[in-house]
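Right, one structure below, let's go through it.
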Amino acid sequence: METNPQVLELLNQNESDLDWVKNNLNYLQDKYNEEFIAIKEGKVIDHAKLITDLIKKVKKQEINITDTLVYFVSKIAIVL
């Protein structure tokens, strides 16, 4: 089975962005506690309390939300 190069690139970017979140979690918790953040290429591109608001804000910047890592920041550990 052949994998689309664009899919692999997106997966690699999301993995890199998730690593960035882990490495900067304390800073993110202090600045964006209880908010959703959109991360692209190791940068927070926007944030909002509600995910629907975040999606609207990202779309206004003409950024494809499906190519963006969305992460909920909280100082409280959530276990599902």
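The values are calculated or read from the model by the stated rules, or taken from the named source; none is laboratory data. The structure presented is a predicted model; accordingly, all values stated were derived computationally and were not measured. Here Cβ is always computed from backbone atoms with ideal geometry, including for glycine, and neighbour counts include all displayed protein chains. Note: areas computed on protein heavy atoms with side chains; ligands, DNA, RNA excluded. Shrake-Rupley method; radii C 1.70, N 1.55, O 1.52, S 1.80 Å.
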* To do: Those residues that are modelled with pLDDT under 95 and acidic (Asp, Glu), I need them from the range 30-51; list them, please.
  => 41
* Could you please tell me which pairs satisfy a Cβ distance under 6 Å, a separation of 6+ or placement on different chains, a first residue in the range 31-47 that is closer than 10 Å to residue 70 by Cα, and a second residue that is open to solvent by 60 Å² or more (accessible area, probe 1.4 Å) and in a strand (DSSP E or B)? => 36/72; 37/47; 37/71
* Residues that are open to solvent by 50 Å² or more (accessible area, probe 1.4 Å) and aromatic (Phe, Trp, Tyr): find the strands (runs of 3 or more DSSP E) completely inside the range 24-80 holding 2 or more of those. => 69-73
